[in-house]
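Take a look at the structure set out below.
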Amino acid sequence: MKVQLYVPDGRYDPWIEGFAEALPEAECVTWEGSRGEPADYAVVWRPPVEMLRGRTDLKAVFNLGAGVDGILRLRDEAPDALPAGVPIVRLDDAGMAAQMAEYVTHAVLRYFRKLDAYEAQQRAGTWKFLKPHRRADFTVGVMGVGTLGTHIARALAGFGFPVRGWSRTARAIEGVSGFYGDAGQSPFLDGLRVLVNVLPLTPQTENILNAGLFARLAQGAYVINVARGQHLVEEDLLAAVQAGQIGGATLDVFRTEPLPAEHPFWQEPRITITPHISALTLREDSIAQIAGKIRALRAGQPIAGVVDVQRGY
Ligand code: NAP
Ligand code: GLV
């Protein structure tokens with residue numbers, strides 16, 4: 001059995017060593033070193049279009065992340081970019097859900113406890129009491145309550161915040177008010193104090209964080225985007241923050257990454273920026289999950305995380 005790897009940074013050794021340990025029955029090779037040779041499985045992150053185009057040898061393609069937009073976008077470059085009938089399998093948690101819950105909970109608590117304002121006061125040498133928010137009024141909405149969003153919503157509910165979740169289809173999560181579909185979007189958004197976006201990037205969700213959506217939230221609401229930069233209309237957010245409609249934002253993802261030095265977000269103190277680190281791909285967990293799924297496929301068993309390419313996630 002041959003596993004072919006592609007990672008954009010070209011740092012293959014730890015991956016090859018990891019697969020050798022977790023899946024000793026496989027020969028693990030780099031795509032660059034085995035171009036044109038058949039393989040059984042591909043393990044990739046943001047592969048070039050030439051890697052998968054027209055392939056008839058592969059039994060599955062494993063994506064080294066939860067979001068599959070980096071693979072599905074290849075169809076824009078070539079209609080036959082993805083091997084026909086070959087399942088694309090995403091990472092399903094693999095240690096990301098706990099990271100996301102930590103990151104988002106930290107951002108919500110920082111805003112709720114006004115720690116960002118106290119940090120600004122410290123810089124100015126000011127000792128001043130700020131009126132706290134009331135927890136019961138502090139409704140947090142999570143857009144996308146799948147693998148990661150469910151974990152985030154549960155963590156926030158654990159702090160006693162009223163939490164809403166929005167999904168495409170109905171989802172029941174204990175302690176979380178559920179909303180779904182287009183009809184559920186307005187009641188989900190109305191009056192939210194914090195909006196968390198953890199949706200997949202699809203044609204339906206691109207640019208979803210825009211001026212019209214911001215206007216539905218409570219005055220001075222906070223926005224947290226941990227999904228994809230293309231979800232956010234960046235100039236709408238900047239205008240809403242400058243107008244006071246949005247109180248601030250924590251952004252982990254951007255339309256252009258790295259965020260260009262001249263981008264106005266860098267100069268806006270109410271926007272907190274991190275470099276796409278809210279949930280990192282953990283090598284050991286990811287290799288263990290993929291090795292387990294390869295074994296399951298070889299035994300003819302079903303696996304979780306198979307992407308619906310028409311739906312886009
Ligand atoms: P997932 O399990 O597939 O969950 C996606 C959720 O979004 C589901 O609840 C789904 O609804 C909902 N959804 C999809 N399209 C929708 C629509 N049009 N309207 C309403 N709800 C919609 O995905 P996941 O594993 O939680 O990952 C989510 C995303 O997080 C990834 O796609 C990736 O972009 C992002 N991510 C970012 C980082 C980072 O470091 N910044 C790391 C990992 C992942 P249903 O439940 O009805 O299907
Ligand atoms: C990271 O952004 C992922 O989709 O896993």
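Candidates in the stretch 131-152 are the residues that are part of a loop (DSSP other than H, G, I, E, B) and among the small types (G, A, S); of these, the one that is farthest from F214 (Cα to Cα) is G146. Name the residues in the stretch 196-225 that are within 8 Å of ligand 1 (Cβ to nearest atom) and more than 17 Å from Y180 (Cβ to Cβ), would you? L201 - this is the single residue of the stretch 196-225 that is within 8 Å of ligand 1 (Cβ to nearest atom) and more than 17 Å from Y180 (Cβ to Cβ).
Screening R55 with (1) under 27 Å from H276 (Cα atoms); (2) open to solvent by 30 Å² or more (accessible area, probe 1.4 Å) gives one miss only, at (1). Checked against the criterion of being more than 29 Å from N225 (Cα to Cα), out of contact with any Gly (no Cβ under 9 Å at 6 or more places or on another chain) and surrounded by 18 or more Cβ atoms within 10 Å (Cβ to Cβ), the candidates A81, A60, A107, A101 yield just one match: A60. Go through the stretch 124-170 and count every residue that is open to solvent by 90 Å² or more (accessible area, probe 1.4 Å) and either charged (D, E, K, R) or not assigned by TED's automatic domain parsing to the domain that holds E102 (or both). Within the stretch 124-170, residues that are open to solvent by 90 Å² or more (accessible area, probe 1.4 Å) and either charged (D, E, K, R) or not assigned by TED's automatic domain parsing to the domain that holds E102 (or both) number 6.
Taken over the stretch 84-98, the criterion of being open to solvent by less than 30 Å² (accessible area, probe 1.4 Å) and either in contact (Cβ under 8 Å) with a residue 40 or more places away in the chain or in the same structural domain as E206 (by TED's automatic domain parsing) (or both) is satisfied by I88, V89, L91, A94, G95, M96, A97. Candidates are the residues of the stretch 228-249 that are open to solvent by 10 Å² or more (accessible area, probe 1.4 Å) and within 16 Å of ligand 2 (Cβ to nearest atom); the one that is farthest from A215 (Cα to Cα) is R228.
Residues being over 20 Å from Y111 (Cβ atoms) and in contact with a Gly (Cβ under 7 Å, 6 or more places away or on another chain) are represented in the stretch 137-147 by at least one member.
Looking at the stretch 252-264, is at least one residue under 17 Å from N210 (Cα atoms), assigned by TED's automatic domain parsing to the domain that holds L109, crowded, with 17+ Cβ neighbours inside 10 Å and more than 16 Å from ligand 2 (Cβ to nearest atom)? Scanning the stretch 252-264, I find no residue that is under 17 Å from N210 (Cα atoms), assigned by TED's automatic domain parsing to the domain that holds L109, crowded, with 17+ Cβ neighbours inside 10 Å and more than 16 Å from ligand 2 (Cβ to nearest atom), so the answer is no.
Each row is one residue, and each column tells you yes or no for (1) under 19 Å from F19 (Cβ atoms); (2) among the hydrophobic types (A, V, I, L, M, F, W, C).
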{"residue": "K59", "(1), (2)": "yes, no"}
{"residue": "N63", "(1), (2)": "yes, no"}
{"residue": "E77", "(1), (2)": "no, no"}
{"residue": "A97", "(1), (2)": "no, yes"}
{"residue": "A101", "(1), (2)": "no, yes"}
{"residue": "Y118", "(1), (2)": "no, no"}
{"residue": "T126", "(1), (2)": "no, no"}
{"residue": "V140", "(1), (2)": "no, yes"}
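Yes/no per residue for (1) touching a strand residue (DSSP E or B) at 6+ places or on another chain (Cβ under 6 Å); (2) under 19 Å from Q4 (Cβ atoms):
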residue	(1), (2)
D57	no, yes
P83	no, yes
V89	yes, yes
K114	no, no
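Can you tell me which residues in the stretch 63-78 are more than 16 Å from ligand 2 (Cβ to nearest atom) and open to solvent by less than 10 Å² (accessible area, probe 1.4 Å)? Selection gives A78 alone. Determine, yes or no, whether H231 is touching a strand residue (DSSP E or B) at 6+ places or on another chain (Cβ under 6 Å) and either over 30 Å from C28 (Cβ atoms) or assigned by TED's automatic domain parsing to the domain that holds G181 (or both). Yes; evaluated as a whole, the condition is true for this residue. Evaluation of I173 against the conditions (1) crowded, with 16+ Cβ neighbours inside 10 Å; (2) under 21 Å from H133 (Cβ atoms) shows that the sole unmet condition is (2). On the basis of being part of a loop (DSSP other than H, G, I, E, B) and in contact (Cβ under 8 Å) with a residue 24 or more places away in the chain, does L156 make the cut? It is false that L156 is part of a loop (DSSP other than H, G, I, E, B) and in contact (Cβ under 8 Å) with a residue 24 or more places away in the chain. Among the residues of the stretch 35-72 satisfying the criterion of being hydrophobic (A, V, I, L, M, F, W, C) and assigned to a loop (DSSP other than H, G, I, E, B), which is farthest from ligand 1 (Cβ to nearest atom)? The qualifying residue farthest from ligand 1 (Cβ to nearest atom) is A39.
The residues of the stretch 272-294 that are open to solvent by less than 40 Å² (accessible area, probe 1.4 Å) and either away from ligand 1 (no atom under 16 Å from the Cβ) or assigned to a loop (DSSP other than H, G, I, E, B) (or both), listed by number, are T274, S278, A279, I287, A291, G292, I294.
The values are calculated or read from the model by the stated rules, or taken from the named source; none is laboratory data. Keep in mind that what you see is a predicted model, and the values were worked out from it rather than measured. Ideal geometry is used to build each Cβ from the backbone, glycine not excepted, and the neighbour counts take in all protein chains shown. For the accessible areas, the whole protein counts, side chains as well, though only heavy atoms, and no ligand, DNA or RNA atoms are used. Shrake-Rupley method; radii C 1.70, N 1.55, O 1.52, S 1.80 Å.
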